[in-house]
Amino acid sequence: MITEVKNDYTDDQNYTHIDVWEDDNEEGKTIAIICRDTNKVFFIDNMLRNNPDVKEAINEVLKSNV
């Protein structure tokens, strides 16, 4: 179960990371990366591809990039 999803880190190469936390006591992990130049989404963990919170975080990034 995901407790938190963040999309607030964009690296020097203009990739925004979608990070999730499954437990408040554990480290988060990147499950997808969005290229801000092309709007392509690269999933690292396909198991969370259809999670509503992950979809929302991705859509926020894509909408802000227009």
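The values are calculated or read from the model by the stated rules, or taken from the named source; none is laboratory data. In this text, all values refer to a predicted model and were calculated from it rather than measured experimentally. Neighbour counts are summed over all protein chains in view; Cβ atoms, including those assigned to glycine, are modelled from backbone coordinates with ideal geometry.
Residues that are of a type in the set (Asp, Glu) and closer than 18 Å to MET1 by Cβ were ranked within the stretch 29-61; the one that is surrounded by the fewest Cβ atoms within 10 Å (Cβ to Cβ) is GLU56. Just one of the listed residues (ILE33, ILE2) is under 19 Å from ASN65 (Cβ atoms) and not basic (Lys, Arg), and it is ILE33.
Contact map, the stretch 44-66: residues that are polar (S, T, N, Q) paired with residues that are surrounded by 15 or more Cβ atoms within 10 Å (Cβ to Cβ) and outside any helix (DSSP H, G or I), Cβ distance under 6 Å, separation 6+ or inter-chain. Pairs shown: ASN65/ARG36. Note on the stretch 12-63: among residues that are modelled with pLDDT under 95 and part of a helix (DSSP H, G or I), the one that is nearest to the chain's Cα centre (by Cα) is LEU48.
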